[in-house]
Each structure stands twice: as C-alpha cells, then as structure tokens.
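Notes follow the structure.
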Amino acid sequence: MASLSIPGVEDPDETGLSAPVCRTVTPDGDVLLLVPGDSAAARAAAHAQDDDLTAVMEITDVAPVSVPHRIRGRAWVAGWLTPVRNEQRAEAATLLAERHPVGELLGIGEALQPDPAPGLYGRTAWMMLRLEVGEGAVDDLWGAEPVEPDEFATAAPDPLAAHEAELLQHLHAAHHEQVRGLCTLLGDRRELCGLRDRAVPVGLDRFGLRVRFTDAEQRSFDARFDFPEPVRDVAELRRAMHLLFEAAAE
C-alpha cells in the first residue's frame, strides 16, 4: 500500500487520488507511478513544469493474512517528481504494464495521451510520473535504517514477493500444526510454547519465515526462522520449509 505526498500540496477533496494506482522501478532506480490525471499529484507535477517538485512516497507493508496489528513495516522514498514526457512515455508504460498487467492498466492507452482526457470507465486519463530518488528509509522488525539511492537502484526484488500471500495462506491452512511446532526452535524462548494457542505465518521472503504466536489472552510475539541459505524460487522454498519442519520435529 503506497501513498504520495507533496509538501505544500493537498488534495482538497481528500479522496486519496494522490495514491498511485500502480508503481514500478526502472533499471536506473527511478520510481514510475501511475496516478489519475485529476489527482493532486498529477496537477502539481503538470503545473511545476521543469521546476523541482519534491515528493515523498510512503509504503506500508501489510501482512496478507488476518491477524491483529497487520503492519509489518514502513518505507519512505523521497525525491523529485516530474511527468513522464515524449518518447519516454511508451517505455514507461511498458514497464508499468509488465508490473501490473491487469486492472487499471487495461486503459494504458489513455495514459499515453498528451493531455488528461476522458478515459477508462468515465474517469479522467491516467498520468505517468517519475520519482527520481534522493533518499530513502525503512522501519521494520529489524529497526530503522536509511537507504542510499545507489542501494535502492541495485536492490533486487525478492523472488517470493509475487507469491507471498498465497504461500502464507497455504501454510496457515494446510500446515498449521507444523508452523506452531516451530516454537521448539526458539532456544531461550522455548518455554513460551506452552502458552501459545495460535501460530500464524505473517511474513515470508527468500531469507526466512516470520510467525506470530498468540495465546488465549491475545498476548503475542513474532519469531523469525531463517533458512540455511536464501531461496531463489518456490521449489527451493519447499525444500527449506521441509528442513525447518524436520528440525522442529526432532
């Protein structure tokens, strides 16, 4: 979930139109955003022309499973916002369509028009914006850390990101007892296992699994179970999960 804010610019209708419909990152590390043409962000970027328009995008990482306190972390990317223009528009539209091939991008033709005009489903046309990253930050389970633009540009997407929601839901539905049994791997915190009635997998990436243990009084804690080595695909994930479950059963 992402929202875009521009210092000094507000959406008078408070309709959330400055929230990007979709986003992706270019090979150079810029962030491409698709926003409605009548949004506050689109109007501000069009009005600024070639002037520097600073903007901040906040990304909220929400667990794709039903648990209390679902926010797993937040990230911020700040930089300079400009409309995508001229010959860059087709390339930007292709990158966005690769990242989001359905939904609003079915009307990507309207986004390629020179000016906002009536588009998909009677709404104004989409506008593509480019956010040149100047700085970033992450605040999650491991703490708060700044992110340099070079680090952001070279960061590789997690190979499990596109499948995380369905994988977590499968683990919770089909392997609940095995997931709960992972508490035996908690070392000094192992004695807490007897107090835990519910175990929900709330995070999964190439490095490991995050599980939330909760007791009958709704007291909870999160535990991280690292894989022996980062996984590169779902097949390697399956083997890594089997190793975790086997270790917990010993």
Practice problem: Among what's in the range 34-71 and is assigned to a loop (DSSP other than H, G, I, E, B) and touching a Phe, Trp or Tyr at 6+ places or on another chain (Cβ under 7 Å), pick the residue that is modelled with the highest pLDDT. | Solution: LEU53
Quiz item: Which ones in the range 198-235 are in contact with a strand residue (DSSP E or B) (Cβ under 7 Å, 6 or more places away or on another chain) and outside any strand (DSSP E or B)?
Solution: PHE207, PHE227
Self-check item: Residues satisfying the stated conditions in the range 203-250, i.e. surrounded by 15 or more Cβ atoms within 10 Å (Cβ to Cβ) and free of Cβ contacts under 8 Å to residues at least 12 places away in the same chain
Solution: GLU236
Quiz item: Which one of these does TRP80 not meet: (1) at pLDDT 80 or above; (2) among the hydrophobic types (A, V, I, L, M, F, W, C); (3) closer than 26 Å to GLU166 by Cα?
Solution: (3)
Exercise. Please report, ordered by residue number, the helices (runs of 4 or more DSSP H) entirely within the range 96-197 with at least 1 residues that are modelled with pLDDT under 95 and open to solvent by 90 Å² or more (accessible area, probe 1.4 Å).
Key: 149-154, 164-174, 176-181
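The values are calculated or read from the model by the stated rules, or taken from the named source; none is laboratory data. All values reported here derive from a predicted model rather than from experimental measurement. Heads up, the Cβs are rebuilt from the backbone with ideal geometry, glycines too, and the neighbour counts pull from every protein chain shown. We work out accessible area using only protein heavy atoms, side chains counted, and drop any ligands, DNA or RNA first. Shrake-Rupley method; radii C 1.70, N 1.55, O 1.52, S 1.80 Å.
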